[in-house]
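Beneath this line is the structure, given in structure tokens, with notes to follow.
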Amino acid sequence: MNIAVILAAGADPTFRMDIPKQFVNVYNRPVIVYTMETFQQHPEIDAIMVACLKGWESMVEAYAKQFDITKLEWVIQGGGFGQETSKRAVDRLAEECDGGDIIILHDAIRPLVSHNVISDSIDTCKRKGMGIAAVTSMDNVMMTDDGVTGKLSISRHAFRRIQTPQTYFLGELKKAHEEALEKGIRNENDTNNMISRLGRNVYFSKGSDLNLKINTVEDVAMFKALYAMKNGDI
Amino acid sequence: MNIALILAGGSGSRTEQSVPKQFISIDEKPIIIYTLEAFQNHSGVDGIIVSCIDGWHDVLRGYASAAGIDKLRWVVDGGENGQASARNALLALETICEEDDIIIIHDAVRPMISEEIITDCIAKAEECGSGLSAIRCQETIMMTENGRCGHAGIDRNDIMRVQTPQAYRYGRVLWAHKEALKRGITNAVYTNTLMMELGEELYFSCGSNKNIKITTLEDIDIFKALYATKRDTWLKRKNSGCMDSAGIESIGKPHHVR
């Protein structure tokens, strides 16, 4: 079974709005609905879980019904950090699912994820044990201590920018979470960082620059334009 | 004097089109013209030099003239990479520019460049000797040797993504390009990596997420969408150059959000 876990627990203060960005309305429905719809329509996805910011669960359930997200089976409360949210999702699923089941973690605020990117993440997981969506950067990167001056250049070919979806085998991810806690690895923002801190390789799948992460009001505008274009309105 | 140096030497192998990407037309206008218009319309820019792919010089002059880009004064041959293209243009300016003049180097395929970005880039170079437009990274990055798997993650708060424009004092950047050749450094895509190797101190100026580099067909879609939002009047812009519309500083000391 392939289970999509939509990560919607973030309350990012940089957005500086009263409504968390995953619930901001775009064309009269919350961003998370677009994300759920994509997984609803994907033939390889059997069930959906939403790991939600406390207090917003009813809204997620109501919109899911409104938009026929019939695959939505669980709405759980997420944690303060990405790692904790991921662990809560895994622990809950482990009660009902098999260790060999596949779990696809995805940010609620990446509503433009394509079917292709999801499929490649699942496929890479089946072949390599995990599939982490990643893209090559067109900008080069400089290390900085203060944000004012640069001290070291990193070639854009030497790294990848990590996105979601991130696909794992449920049993393996559960073990990784337990090992992380034993080793005192906590408070990681992303599951891939936790995995690499355990000393393991992280396997990349196909990401996309169109798989935009909505972090600012500017990004909302860009999402609207990309969505309109996808639907042939531009 | 402030001179914009536009890098247009690329052949566009990644887009897999016959037309080099900087000349691909979007809404009846080649990408490079959008870029040139930003510098044409900026009051702090006195002249423009373009390092252009062979065979397209007349095309460039034709389009520029039609679009009223009268600041375009020189078109020189592009090189095999960004470093060579920048060098060709810098050498061509030797009898024209003074040591203290500011050179603003910019990719032809970053047409979403804004007035604010150019202004801040020039201001930083005047103040500190260099201005590299840069943005904080929103995503985790992981180091990789083979592109198939990664190991070490780098905290996104420790890095800046460096784009163009990049502004420098003419004397210093010309020296750096000559010195790099002497030392056998020939494969820098951007001048900042070369300056860094030569031990120069580099300062960031404010960049933008929207200032994308068009290298694939997907990017053309993103550009179209961005260009459409630019015209969206409901998106109110703040006056401060370093704030985006969410009121978030696009540059400054990175901080943890949680």
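FYI, it's all coordinate maths here, none of it is from the lab. Since this is a predicted model, take the numbers as computed values, not measurements. In this analysis, Cβ positions are derived from the backbone assuming ideal geometry, glycine residues included, and neighbour counts consider all displayed protein chains.
Just to be sure I understand, how many residues within region B:130-164 are within 7 Å of chain A (Cβ to nearest Cβ), crowded, with 22+ Cβ neighbours inside 10 Å and of a type in the set (S, T, N, Q)? Residues in region B:130-164 being within 7 Å of chain A (Cβ to nearest Cβ), crowded, with 22+ Cβ neighbours inside 10 Å and of a type in the set (S, T, N, Q): 2 in total.
Please work out if residue A:49 is in contact with a strand residue (DSSP E or B) (Cβ under 9 Å, 6 or more places away or on another chain) and closer than 27 Å to residue A:218 by Cβ. It is false that residue A:49 is in contact with a strand residue (DSSP E or B) (Cβ under 9 Å, 6 or more places away or on another chain) and closer than 27 Å to residue A:218 by Cβ. When region A:137-169 is limited to residues that are surrounded by 15 or more Cβ atoms within 10 Å (Cβ to Cβ), hydroxyl-bearing (Ser, Thr, Tyr) and in a loop (DSSP other than H, G, I, E, B), the one that is nearest to the other protein chains (Cβ to nearest Cβ) turns out to be A:144.
Is one or more of the residues making up region A:195-208 of a type in the set (D, E, K, R), in a strand (DSSP E or B), more than 8 Å from every other protein chain (Cβ to nearest Cβ) and under 15 Å from the mean Cα position of the chain (by Cα)? The answer is yes; a qualifying residue exists. The set of residues in region B:190-208 that are at the interface with chain A (Cβ under 7 Å from one of its Cβ atoms) and either within 19 Å of residue B:26 (Cβ to Cβ) or in a loop (DSSP other than H, G, I, E, B) (or both) comprises B:190, B:201. Filtered by the rule that a residue be under 17 Å from residue A:90 (Cα atoms) and small (Gly, Ala, Ser), region A:177-230 gives a lone residue, A:180.
Restricted to region B:175-188, and to residues that are aliphatic (A, V, I, L, M) and crowded, with 20+ Cβ neighbours inside 10 Å, which residue is nearest to the other protein chains (Cβ to nearest Cβ)? Applying the filter and picking the extreme gives B:188.
In region B:135-181, counting only strands (runs of 3 or more DSSP E) that sit wholly within it, the ones holding 3 or more residues that are without any contact (Cβ under 8 Å) to a residue 40 or more places away in the chain span B:141-144, B:149-154. All of B:49, B:113, B:117 fail the test of being closer than 23 Å to residue B:202 by Cα, in contact with a helix residue (DSSP H, G or I) (Cβ under 8 Å, 6 or more places away or on another chain) and either crowded, with 22+ Cβ neighbours inside 10 Å or among the aromatic types (Phe, Trp, Tyr) (or both), apart from B:113.
With respect to the conditions (1) more than 7 Å from every other protein chain (Cβ to nearest Cβ); (2) in contact with a strand residue (DSSP E or B) (Cβ under 8 Å, 6 or more places away or on another chain); (3) without any contact (Cβ under 8 Å) to a residue 60 or more places away in the chain, residue A:184 lacks only one, and its number is (2).
When every residue of region A:54-62 is checked against the conditions, none turns out to be of a type in the set (Asp, Glu) and in contact (Cβ under 8 Å) with a residue 24 or more places away in the chain.
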